[in-house]
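The values are calculated or read from the model by the stated rules, or taken from the named source; none is laboratory data. Computed from a predicted model, the values in this text were never measured in an experiment. Here the Cβ positions follow ideal geometry from the backbone for every residue, glycine too, while neighbour counts run over all protein chains shown. What goes into the accessible areas is simple: the full protein's heavy atoms, side chains included, and nothing from ligands, DNA or RNA. Shrake-Rupley method; radii C 1.70, N 1.55, O 1.52, S 1.80 Å.
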Amino acid sequence: MTESPDRRLAELRELLFARPAMARELPGFDPEAAPAGPGELFVDWLTGAMRAEVPDAQVAVLGTTGLDGTPDARVVMLRELDPVAGVWSFHAGADSPKGRQLAADPRAALTWYWPALGRQVRVRGPVVTTSAERLAEVFRALSTKSRVAALVGRQSEPLAEPAEFRAAWQAAERRLAEDPELLDPAYVRYGVRAEQVEFWQGSFDRQHVRLVYRRAGDAWTRELVWP
């Protein structure tokens, strides 16, 4: 017998309170020992998450401003980090919703959360793009499937049926096989040039630790903030 929607909702409410977050052993974080800049600390945290085999540890939530002024968000993959410049990079199509949003308002936020470690990192700042000369090298370094996906394009457009997508995918595969040097003209590497980076270490007793870096010219300031 199928459960009623009301019963499922009641069960969900019970679970939300019965399963507290971070009820497990989590690593510590000594902010006094943190490096002068956020890039080095991010490298340490992301490397630790990947060594701990946190699934998709490089995947972040990208926040942008919609063309109607409404906040928008989706997940993207970190493609490169420049710790010295403080730039976190990801890829997107210029004609995708996020590409159009960034063209209209070139500011963004990236958020990582690694549940197994109870750690969150938030990056905010203006968005910069990679030069055309560097872009060809970057695109050709992607996996074959990533290049095919980029060539298919049409992200977020209405899809009449799955067969339409499969046909477009196969056509893009053929194009790339015939011309391995083929580039997607709409492909862009975006980088968030951080103005602020926050590292958050969760704790089951709710005594979380938050360390915030803020850009100050070519250097960084840092301070603890209340959790």
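Figures for the structure shown
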quantity	calculated
Cα centroid separation, region 179-227 to region 1-69 (Å)	15
Residues whose placed amide H lies under 5 Å from that of Glu195, excluding near-sequence neighbours	Arg124, Gly125
Relative contact order computed over the chain (Cα-Cα under 8 Å; 6+ residues apart), in percent	22
Range in the chain, longest, excluding exposed trypsin sites (Lys or Arg not before Pro) [loop by DSSP; at most 11 other beta-carbon atoms within 10 Å]	25-205
Rounded if a/c under 1.5, otherwise prolate or oblate - region 2-93, Cα gyration tensor axes	oblate
Gyration tensor verdict on region 173-221 (Cα atoms; rounded if a/c is under 1.5, prolate if a/b is larger than b/c, oblate otherwise)	oblate
R0 of 35 Å, Cβ-Cβ distance Val128-Ala52: FRET efficiency to nearest 0.05	0.65
Heavy-atom accessible surface of the chain: percent carbon and sulfur, 1.4 Å	54
Calculated over region 20-154: convex hull of Cα atoms, volume per residue (Å³)	150
The chain - mean residue ellipticity at 222 nm from DSSP helices (-39,500 (n - 2.57) per run, n ≥ 4, rounded to 500)	-9500 deg cm²/dmol
Whether the chain is rounded, prolate or oblate, judged on the alpha carbon gyration tensor where a/c under 1.5 counts as rounded	oblate
³J(HN,Hα) computed for each position of region 164-174 - Karplus, 6.51 cos²θ - 1.76 cosθ + 1.60, integer Hz, glycine/proline x	5, 5, 4, 5, 5, 5, 5, 5, 5, 4, 5
Longest DSSP-loop-exposure-free segment, GluC sites (Glu not before Pro), the chain, at most 16 other Cβ within 10 Å	54-180
Accessible area (Å², per residue) of the chain, counting only protein heavy atoms and a probe of 1.4 Å	61
